[in-house]
Amino acid sequence: MTDKKLLFIPLKSDNDYELLKKCIDLVNPIEGKEIGLNDLLSLDHFSLDEKHDLIRLLKGDYNFILTKDFTFYSKNDQWFCRKHDYRHSYITKMLYHMNNETKYRYNSAVHYSDLHLVELLIEQYNKFLEEDLADEIGEVVKGYEISQDMLQFISNCLKEETANDDSWMDYAFIRRFVEAVQKYDDLLVESFFSEENME
């Protein structure tokens with residue numbers, strides 16, 4: 001059995017990300033159904049340079065291409081795509097946990113400025129993230145390091161669309177929390193690669 005050769009594309013601004021996203025938008029792949037490289041190359045929507053890049057990505061050294069929004073993976077020289085739609089799963093599991101394991105019951109009043117609540121949500125998010133990463137790549141990877149900056153950033157994001165500090169522990173609230181974590185993650189990734197490029 002050959003080792004998986006992984007290509008990780010962390011930034012949405014990366015040309016490879018944009019090209020693979022274009023593939024997804026064009027063929028709208030169904031999970032479990034093969035994506036044929038020859039079928040992609042026969043489409044007029046790709047320039048000659050883009051077709052060369054597709055060959056480099058899908059016929060080169062990689063059999064696992066990971067981005068934040070989707071994964072391309074190869075089995076027996078056939079390519080498949082899995083979109084990362086984890087938000088609904090996380091939201092429902094987090095609501096269940098908050099309702100049954102904490103004082104923040106479903107439909108109870110909550111406050112965006114409650115940093116203890118934000119910390120509990122991040123801890124639970126980390127738990128699901130670590131479980132998913134272990135299943136995905138077969139390794140133990142730690143979730144987010146919870147800092148005062150992160151707590152304040154998430155709290156501020158939750159408050160962005162409202163004039164007051166009040167909300168309810170419901171699906172919409174947890175969805176806004178998950179979206180805030182995504183924004184925080186985007187900032188971390190951009191900051192990391194900006195620092196690398198400066199070195």
Discussion item. For the range 1-110, which chymotrypsin sites (Phe, Trp or Tyr not before Pro) pass both filters: DSSP loop (anything but H, G, I, E, B) and at most 15 other C-beta atoms within 10 Å?
Written reply: 86, 106
Practice prompt. Please state, to two decimals, what the Cα-based radius of gyration of the range 6-83 comes to when divided by 2.2 N^0.38 Å (N = residues).
Written response: 0.98
Discussion item. Students often get this wrong: which residues of the range 63-80 have the backbone nitrogen under 15 Å from the point 7 angstrom along Cα-to-C-beta of residue 33?
Written reply: 79-80
Fill in: Nearest-ten-degree value, helix 148-159 long axis tilted from longest Cα axis of the chain
90 degrees
Worksheet entry | Nearest-ten-degree value, helix 171-198 long axis tilted from longest Cα axis of the chain | 60 degrees
Worksheet item: Are there trypsin sites (Lys or Arg not before Pro) in the range 89-163 that DSSP puts in a loop and that have at most 15 other Cβ atoms within 10 Å, and which ones?
Response: 103, 105, 142
Practice prompt. Please find the FRET efficiency linking residue 76 to residue 25, where r is the Cβ-Cβ separation and R0 is fixed at 25 Å, and quote it to the nearest 0.05.
Written response: 0.45
Worksheet item: For residue 88 and residue 162, FRET efficiency with R0 = 22 Å and r from the beta-carbon atoms, rounded to 0.05?
Response: 0.45
Worksheet item: Relative to the longest principal Cα axis of the chain, at what angle does helix 87-101 sit, 0 to 90 degrees, rounded to 10?
Response: 30 degrees
Response to the item:
Taking every DSSP bridge whose two residues both lie in the chain, the antiparallel percent to the nearest 5 is 75 percent
Item to complete: In debye, nearest 20, what is the charge dipole magnitude of the range 6-83 about its Cα centre with +1 on Lys and Arg Cβ and -1 on Asp and Glu Cβ, if you could check?
Response: 260 debye
Worksheet entry | For the chain, convex hull volume per residue from C-alpha positions, Å³ | 164 Å³
Worksheet, complete the sentence: Over 21 Å (Cα to Cα) among 5/75; 22/59; 21/59; 5/83; 12/142; 12/159 -> 12/142; 12/159
Worksheet item: Cα convex hull of the range 87-192: mean projected area in nm², to one decimal?
Response: 6.9 nm²
Item to complete: Mind jotting down the distance between the C-alpha centroids of the range 18-67 and the range 135-159, whole Å?
Response: 31 Å
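Taken together, the values in this text are just the output of simple stated rules run on the coordinates, not laboratory data. This is a predicted model, so every value here is computed, not measured. Glycine also receives a Cβ, built like all others from the backbone with ideal geometry; neighbour counts cover every protein chain displayed.
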